[in-house]
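The values are calculated or read from the model by the stated rules, or taken from the named source; none is laboratory data. What you see is a predicted model, and the numbers here were worked out from it, not measured in a lab. Cβ: placed from backbone, ideal geometry, glycine included. Neighbour counts: every protein chain shown.
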């Protein structure tokens, strides 16, 4: 067949149709790739969201477990007067009851203003703050055991937590005197501790 016999118009039309088909195919392939790439990114985003949701739920579960474990202990410390406002009136009432029960020749006390307290050891309290009030006791005792009985009375009945910073005994009589006469005197310094909650003014009750 000679070149002159070829119907170029028909071939040209077929070539144009083929070119158009190739362009459309390439476009479809490109669109398919972009769709796949977009879908893959979306899937990865969903996977990240799912992982984040799992982490949040795990954190919530851990927090709920911590609340279930420690909140009853927190409530008990509040009930005991260690967390919250200090209970000065309760301390004084217990001292008075102890005095009536033990029939001490003398019981005098003073309580200093509550102030922030920094312990010797490291304490991470977060939003909570540790405060302390110093109580000075001046006692007349019939027996040395009366001092321990008084402290035991505070242990059992008073709301709060205290430490004995200093306490001394001085003998006044070598021989028995009158039933209400002090045989011993004692000067003691107690420190009452209170943990203030965030926003608590710390007013005594």
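Return yes when residue 112 is surrounded by fewer than 10 Cβ atoms within 10 Å (Cβ to Cβ), closer than 22 Å to residue 83 by Cβ, out of contact with any helix residue (DSSP H, G or I) (no Cβ under 7 Å at 6 or more places or on another chain) and at pLDDT 90 or above and no when it is not.
So residue 112 fails the test.
For region 155-165, does any single residue satisfy the condition of being within 19 Å of residue 198 (Cα to Cα) and either assigned by TED's automatic domain parsing to the domain that holds residue 189 or within 35 Å of the chain's Cα centre (by Cα) (or both)?
Scanning region 155-165 turns up at least one residue that is within 19 Å of residue 198 (Cα to Cα) and either assigned by TED's automatic domain parsing to the domain that holds residue 189 or within 35 Å of the chain's Cα centre (by Cα) (or both).
Which count do you get for residues in region 171-188 that are touching a strand residue (DSSP E or B) at 6+ places or on another chain (Cβ under 7 Å) and either at pLDDT below 85 or not in a loop (DSSP other than H, G, I, E, B) (or both)?
Count: 8.
Count, please, the residues in region 77-109 that happen to be at pLDDT below 90 and closer than 18 Å to residue 148 by Cβ.
0
Just to check your reading of the model, which residue among 131, 162 is without any contact (Cβ under 8 Å) to a residue 40 or more places away in the chain, in a strand (DSSP E or B) and closer than 30 Å to residue 185 by Cα?
Selected residue: 162, the only one of 131, 162 that is without any contact (Cβ under 8 Å) to a residue 40 or more places away in the chain, in a strand (DSSP E or B) and closer than 30 Å to residue 185 by Cα.
Starting from region 97-110, take each residue that is under 14 Å from residue 143 (Cβ atoms) and in the same structural domain as residue 183 (by TED's automatic domain parsing) and list its partners that are modelled with pLDDT under 90 and surrounded by fewer than 19 Cβ atoms within 10 Å (Cβ to Cβ), counting only C-beta distances under 6 angstrom and pairs at least six apart or across chains.
Between residues of region 97-110 that are under 14 Å from residue 143 (Cβ atoms) and in the same structural domain as residue 183 (by TED's automatic domain parsing) and residues that are modelled with pLDDT under 90 and surrounded by fewer than 19 Cβ atoms within 10 Å (Cβ to Cβ), the close pairs are 105/180.
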